[in-house]
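Each remark here refers to the structure printed beneath this line.
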Amino acid sequence: MAKVSQDIVVSNKLGLHARPAMQFVDTANGFSSTITVVKGGEEPGEADGKSVMQMIILAAVEGTPLQINADGEDADTAVKALAELFESKFGEED
């Protein structure tokens, strides 16, 4: 079993609100790996990347540092796909 992690920074203006959180969870649920998201900064936290409620409760606004962690056979592919969502700003901005 592989363990993979990647640090990212929330760059979309509205942060990780309901729609991008749902996109993240939908993508995460497409993988067999366990996905966790660790929030850094002044109010650290951790969430199950496959739970929309936990992802929303992270309250990750623009500029929030996050670490995406995956543990499982498809961990590398999962982390890459999830990081790409943040890089694309969840399709919310040009």
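Per-residue answers, yes or no, for (1) crowded, with 16+ Cβ neighbours inside 10 Å; (2) within 10 Å of the chain's Cα centre (by Cα); (3) not hydroxyl-bearing (Ser, Thr, Tyr):
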residue: Ser33; (1), (2), (3): yes, no, no
residue: Glu42; (1), (2), (3): no, no, yes
residue: Gln54; (1), (2), (3): yes, no, yes
residue: Val61; (1), (2), (3): no, no, yes
residue: Glu73; (1), (2), (3): no, no, yes
residue: Val79; (1), (2), (3): yes, yes, yes
residue: Leu82; (1), (2), (3): yes, yes, yes
residue: Glu92; (1), (2), (3): no, no, yes
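Could you tell me whether any residue of region 31-52 is under 17 Å from Lys80 (Cα atoms), out of contact with any helix residue (DSSP H, G or I) (no Cβ under 8 Å at 6 or more places or on another chain) and in a loop (DSSP other than H, G, I, E, B)?
yes
Scan region 53-94 for residues that are outside any strand (DSSP E or B), more than 20 Å from Met22 (Cβ to Cβ) and acidic (Asp, Glu) and report the count.
So in region 53-94, the residues outside any strand (DSSP E or B) come out as 53-64, 73-94.
Narrowing the set further to residues that are more than 20 Å from Met22 (Cβ to Cβ) leaves 63, 73-77, 94.
Filter once more, so that each one left must be acidic (Asp, Glu): 73-74, 76, 94.
The total comes to 4.
Does Gly15 meet the test of being small (Gly, Ala, Ser), modelled with pLDDT under 95 and under 12 Å from the mean Cα position of the chain (by Cα)? Before the answer, list the steps.
Numbers: small (Gly, Ala, Ser): yes; modelled with pLDDT under 95: yes; under 12 Å from the mean Cα position of the chain (by Cα): yes.
It is true that Gly15 is small (Gly, Ala, Ser), modelled with pLDDT under 95 and under 12 Å from the mean Cα position of the chain (by Cα).
For region 15-30, which positions are closer than 17 Å to Ala81 by Cβ and either among the aliphatic types (A, V, I, L, M) or not in a helix (DSSP H, G or I) (or both)?
Quick first cut of region 15-30, residues closer than 17 Å to Ala81 by Cβ only: 16, 20-30.
Across region 15-30, the qualifying residues are Leu16, Ala21, Met22, Val25, Ala28, Asn29, Gly30.
Can you name the number of the only condition in (1) exposed (fewer than 15 other Cβ atoms within 10 Å of the Cβ); (2) touching a residue at least 40 places away in the same chain (Cβ under 8 Å) that Glu46 fails?
It is condition (2) that Glu46 fails.
The values are calculated or read from the model by the stated rules, or taken from the named source; none is laboratory data. Everything numeric here is computed off the predicted structure, so don't read it as measured data. Counting neighbours? That spans all protein chains shown, and the Cβs are built from the backbone with ideal geometry, glycine included.
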